[in-house]
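A quick write-up on the structure given underneath.
The values are calculated or read from the model by the stated rules, or taken from the named source; none is laboratory data. On a predicted model such as this, the values are computed, not experimentally measured, just so you know. Here the Cβ positions follow ideal geometry from the backbone for every residue, glycine too, while neighbour counts run over all protein chains shown.
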Amino acid sequence: MVARSSLSSSPRALSLSSSSRALRAFSARLLGAMLALGASGALDPSGASAEPAAAASAVAQRFPPTAPTAPAASIAPAASTAPPPWSAADPRIAAEVKAGKPLVISVIVPLCDGAMLDCGSKPAGLAGDLGRNLYWGAIFGQRRFLDRPKSGWEQVEVKAGEGPLLERAIYRRTGSQAPWGGSAEAPLEQLLVIQAVHGKSIDQAVAMFWSTATGGGEVRFQDGGKERVERIQVAGYAGHNRLMDRSAVPLTPALQAPVPAFVMACSSEAYFAAPLSAAGSAPLLTTRVLMAPEGYVVEAMARALGENAPLAGLRARVVDAYASWQRMPVAEARKVFAGGRFLTPPGS
């Protein structure tokens, strides 16, 4: 047991003791000064011949007044500058959203081909099987993940495709225009278009993505019995990184109307970031290592895009989703994804 400290050793006692000593020292100095002045005749102890002005002057010279110290000027903290949102990569997008247009994200999904890579099981690697393929109808496939209960996404249209395009599904989510500079009460319509391409036609899938990323595009669909045509503002790709294969078809020449893009495929930064940038398409998110381009990463990316997050925010949201569904530490998931980049500084 530790005994309680005595009063003399407490901070308050030390403070009082110090003050008493200072007061005694000042009194002694003042008394000495008065005696010295009395001896010099400047101060008569009887008060008969003393000159008050002379005495006051002498005391003032001995103990000059100290000017009050001005309080230190308060230093205002530096104003923090929020990072620009991802839409600064293409100012047209925010203008369209505030004007009431939907945010449209188109994602090309080449189905997993078991003859080309390990898809986890034989059914998951059937390149034309929409219901069981790893990247489409399996439990974490793109369409099945969006169709799960309480996903927050409303199915607008599902349509069979032609040729290598097997199916297209469109989903809607409603948000707020507040992150886009609009009113918090104004709704934002977000459309996520996912397109399943036969796994044997992965070269065409890459070409479809590249065409939209570098040349833009539009989507025509039925919504409540009415035909709509909307501009695609973001291009995405989620599947095997075909460019890693020696037999891959080179990217075609870029078109002249690029939109921002993201690529969820193994080590996509090394293969797609530079070509996209050179073509004028800002790479919003790519990857550094082998990874699973499943539904939860695309859905997390789509939500963050709809909330107009900054580039670092896009990566953070996808990292969190990947860590959660893969059951891995966030620090490890962070190593998987590469942050996006602006082609020119926003506002320049």
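For the reader, a short list of remarks on this structure follows.
- Members of the range 93-128 found to be charged (D, E, K, R) and either touching a residue at least 60 places away in the same chain (Cβ under 8 Å) or surrounded by 20 or more Cβ atoms within 10 Å (Cβ to Cβ) (or both), listed by number: E96, K98, K101, D113
- For the range 283-300, filtered to residues that are free of Cβ contacts under 8 Å to residues at least 60 places away in the same chain and not polar (S, T, N, Q), the residue that is farthest from N241 (Cα to Cα) is A300.
- Look at (1) in contact (Cβ under 8 Å) with a residue 40 or more places away in the chain; (2) buried (at least 16 other Cβ atoms within 10 Å of the Cβ); (3) more than 21 Å from F145 (Cβ to Cβ) and you find that P275 fails only one, number (1).
- Condition met for A274 (under 30 Å from G120 (Cα atoms), outside any strand (DSSP E or B) and at pLDDT 95 or above): no
- For the range 84-118, the set of residues classified as in a loop (DSSP other than H, G, I, E, B), under 17 Å from L130 (Cβ atoms) and among the hydrophobic types (A, V, I, L, M, F, W, C) consists of L111, C112, listed by residue number.
- Taking the criterion of being part of a helix (DSSP H, G or I) and farther than 28 Å from D118 by Cα, the residues of the range 283-315 that qualify are R303, A304, L305, G306, L311, A312, G313, L314.
- Residues that are of a type in the set (A, V, I, L, M) and within 20 Å of G340 (Cα to Cα), drawn from the range 211-253: A213, I232, V234, A235, A238, L243
- Answer residue from the range 144-193, given it is assigned to a strand (DSSP E or B), within 22 Å of the chain's Cα centre (by Cα) and among the aliphatic types (A, V, I, L, M) and is surrounded by the fewest Cβ atoms within 10 Å (Cβ to Cβ) among those: L188
- A338 vs. criteria assigned to a strand (DSSP E or B), more than 19 Å from L134 (Cβ to Cβ), hydrophobic (A, V, I, L, M, F, W, C) and touching an Asp or Glu at 6+ places or on another chain (Cβ under 8 Å): yes
- The numbered conditions (1) more than 23 Å from H240 (Cβ to Cβ); (2) assigned to a helix (DSSP H, G or I) are all true for G280 except (2).
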